[in-house]
Amino acid sequence: MSQGQDDHSTPHGNVSKPTSGVRRGNVQRVLEALRLGGPSSQAALARRTDLSRATVNSIVKKLRAEGVAEVYPVNGRETLVALVSTSAAVISVQVNVGAVRAALFDLGSRTRTDAYVPLGDGAQGGDPGLVTDLVRSLAGQASLQMQDLAGIAVGMQAPISRDTGIISSWARLQLPSWTDVPVAASLTDALGVPVVAENDANLAALAEWTWGAGQGSADFLYVMCAGGVGGGLVIDGRIYRGADGLAGEIGHMVLETSGPVCFCGSRGCLTTFVSERSILAALDASGSSRKNLREVVAGARKGDPACRRVLYEAGRHLGRAFANTAKLMAPSVIAVGGVLSEAGPLLFDSIQSSVEVHSLRAVSPSLRFTAARLGDDATLLGGAALVLAETGQGLSTLPGWARSRATVQKSNSSARNR
Ligand SMILES: [Zn+2]
């Protein structure tokens, strides 16, 4: 999946127009090596990029002058080069069925500002106007003009077609106001700043690869198990989107051909066994009802046998799906995010035993399963990671200020009136 050095297409696709900051040639090679390998000595950078020490040295000088990289000593003798961004400002937006969230990461002032718009019935997913209002409002709060932004990322709770930039047909019922809207192109036109649009689980996968559970792994699969089941693949540091942007939809892998009907139109998809709704339905049938997945996890921790059983079965199905995926993709790390992953060993032990039943160890002896680390912030952080990567920047480590959320809740109407 790695791109040849002459391939100047944008690495993640779906950018509506090229950003002025897209790097070329040797500088791009050094930036990519830093992004993939983390902080590195100049000798290691020269080896990984096939460039001379002198060329690497002059590129590092240039990147330091631009405030994109820094050099710091370790062990008193060696020095490492790391990615730092000291001036960019990025807005990341997350469009869910029930709410729209946004965060402004201002790397110059080292501040983060969040906004949250809950959506009532009939307003699922908001609409493009709500997103542009929210972006302008966040920039205004930070006294920034639109042109001060390096870029904007929008994570949609839907797969997005790589060709048309439109959400997939099966998601239109859930996000009705985005039907037939080319997400990135229409928001770029409205805001005058380059906007990238991406599936929310893909962004979460990129964040976990960049700063979380997948850091340092070449090939990484992230699976989010919460209300629904989403997945994202990061291969050689890039979101793998497939022919039409639908890659990584592990939630619709068919596990039982005569299983329950799925909203995608198939039967027995992973989603029909491990989504919140299916787990709650299984408990309802047992007479041991719970209101949400978090209560199921809490019940299992307290020893409730029915809650433990449904988590055990969810792990068994996940293990089967992971074994099938890993036999094809051979990732080095699979991370599970979302509320389900909070069950810890109650879930991961049954994933492990299911994986053994499916003989995965024969083909992937070193594959590691782990809980994701960035929680429900992963999608917004992934948007920031994507914009930084698209504009030839990066952050080797996630600073503490970028994790602390101070959320301003906006009502739908007040966001619209700005
Ligand atoms: Zn399905």
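Checking 276, 342, 256 one by one, the residue that is of a type in the set (Asp, Glu), over 22 Å from the mean Cα position of the chain (by Cα) and over 30 Å from residue 32 (Cβ atoms) is 256 and no other.
Checked against (1) within 16 Å of the ligand (Cβ to nearest atom); (2) open to solvent by 40 Å² or more (accessible area, probe 1.4 Å); (3) part of a helix (DSSP H, G or I), residue 189 meets all criteria but (1). Confirm whether residue 60 is under 30 Å from residue 165 (Cβ atoms), modelled with pLDDT of 90 or more and either outside the structural domain of residue 160 (by TED's automatic domain parsing) or open to solvent by 60 Å² or more (accessible area, probe 1.4 Å) (or both). Answer is no for this residue. Annotation: residue 210 fulfils all but one of (1) touching a residue at least 24 places away in the same chain (Cβ under 8 Å); (2) within 16 Å of the ligand (Cβ to nearest atom); (3) open to solvent by less than 40 Å² (accessible area, probe 1.4 Å); (4) assigned to a helix (DSSP H, G or I); the unmet one is (2).
Of the candidates 289, 354, the single residue that is part of a loop (DSSP other than H, G, I, E, B) and more than 16 Å from the ligand (Cβ to nearest atom) is 289. Here residue 204 meets the list (1) open to solvent by less than 10 Å² (accessible area, probe 1.4 Å); (2) in a loop (DSSP other than H, G, I, E, B); (3) touching a Gly at 6+ places or on another chain (Cβ under 7 Å) almost entirely, failing just condition (2). Pairs linking a residue in the range 256-284 that is aromatic (Phe, Trp, Tyr) to a residue that is outside any strand (DSSP E or B) and more than 7 Å from the ligand (Cβ to nearest atom), with Cβ atoms under 6 Å and 6 or more positions apart or on different chains, are 273/317. Against the numbered list (1) surrounded by fewer than 23 Cβ atoms within 10 Å (Cβ to Cβ); (2) among the β-branched types (Val, Ile, Thr); (3) in contact with a Phe, Trp or Tyr (Cβ under 7 Å, 6 or more places away or on another chain), residue 357 comes up short only at (3).
Looking only at the range 262-282, filter to residues that are open to solvent by less than 30 Å² (accessible area, probe 1.4 Å) and outside any helix (DSSP H, G or I); which one of those is nearest to residue 167 (Cα to Cα)? First the steps, then the outcome.
Let us first name the residues in the range 262-282 that are open to solvent by less than 30 Å² (accessible area, probe 1.4 Å), namely 262, 268-272, 274-275, 278-280.
This time we only want the ones that are outside any helix (DSSP H, G or I), so: 262, 268-270, 275.
Values: 262: 19, 268: 23, 269: 20, 270: 21, 275: 21 Å.
This residue is 262.
Any idea which of 248, 259, 216, 232 is more than 16 Å from the ligand (Cβ to nearest atom), open to solvent by less than 40 Å² (accessible area, probe 1.4 Å) and either closer than 17 Å to residue 372 by Cα or in contact with a Lys or Arg (Cβ under 9 Å, 6 or more places away or on another chain) (or both)?
Values: 248 fails: more than 16 Å from the ligand (Cβ to nearest atom); 259 fails: more than 16 Å from the ligand (Cβ to nearest atom); 216 fails: open to solvent by less than 40 Å² (accessible area, probe 1.4 Å).
Going through 248, 259, 216, 232 in turn, just one is more than 16 Å from the ligand (Cβ to nearest atom), open to solvent by less than 40 Å² (accessible area, probe 1.4 Å) and either closer than 17 Å to residue 372 by Cα or in contact with a Lys or Arg (Cβ under 9 Å, 6 or more places away or on another chain) (or both): 232.
Between a first residue in the range 65-80 that is within 20 Å of residue 31 (Cα to Cα) and free of Cβ contacts under 8 Å to residues at least 12 places away in the same chain and a second residue that is among the aliphatic types (A, V, I, L, M) and outside any strand (DSSP E or B), which pairs have beta carbons less than 7 Å apart while being 6 or more apart in sequence or on different chains? Short answer, once both residue conditions are applied: 71/60.
Here is a yes/no grid of residues against (1) in contact with a helix residue (DSSP H, G or I) (Cβ under 8 Å, 6 or more places away or on another chain); (2) closer than 30 Å to residue 34 by Cα; (3) within 16 Å of the ligand (Cβ to nearest atom); (4) not assigned by TED's automatic domain parsing to the domain that holds residue 135:
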{"position": "199", "(1), (2), (3), (4)": "no, yes, yes, no"}
{"position": "220", "(1), (2), (3), (4)": "yes, yes, no, yes"}
{"position": "252", "(1), (2), (3), (4)": "yes, no, yes, yes"}
{"position": "268", "(1), (2), (3), (4)": "no, no, yes, yes"}
{"position": "272", "(1), (2), (3), (4)": "yes, no, yes, yes"}
{"position": "299", "(1), (2), (3), (4)": "yes, no, no, yes"}
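Of the set (1) touching a Lys or Arg at 6+ places or on another chain (Cβ under 7 Å); (2) within 21 Å of residue 250 (Cβ to Cβ), all apply to residue 276 but (1). A single entry from 43, 82, 54 fulfils the requirement of being in contact with a Pro (Cβ under 7 Å, 6 or more places away or on another chain), modelled with pLDDT of 85 or more and aliphatic (A, V, I, L, M): 82.
Open to solvent by less than 10 Å² (accessible area, probe 1.4 Å) and either assigned to a loop (DSSP other than H, G, I, E, B) or on the phi > 0 side of the Ramachandran plot (or both): is that true of residue 155 in this structure? For residue 155, the condition - open to solvent by less than 10 Å² (accessible area, probe 1.4 Å) and either assigned to a loop (DSSP other than H, G, I, E, B) or on the phi > 0 side of the Ramachandran plot (or both) - is not met.
The values are calculated or read from the model by the stated rules, or taken from the named source; none is laboratory data. Note that the structure is a prediction, hence the values are computed from the model and not measured. Cβ sites come from the backbone with ideal geometry, for glycine too, and all protein chains shown count toward neighbours. In case anyone asks, the SASA skips ligands and DNA or RNA and just uses the protein heavy atoms, side chains included. Shrake-Rupley method; radii C 1.70, N 1.55, O 1.52, S 1.80 Å.
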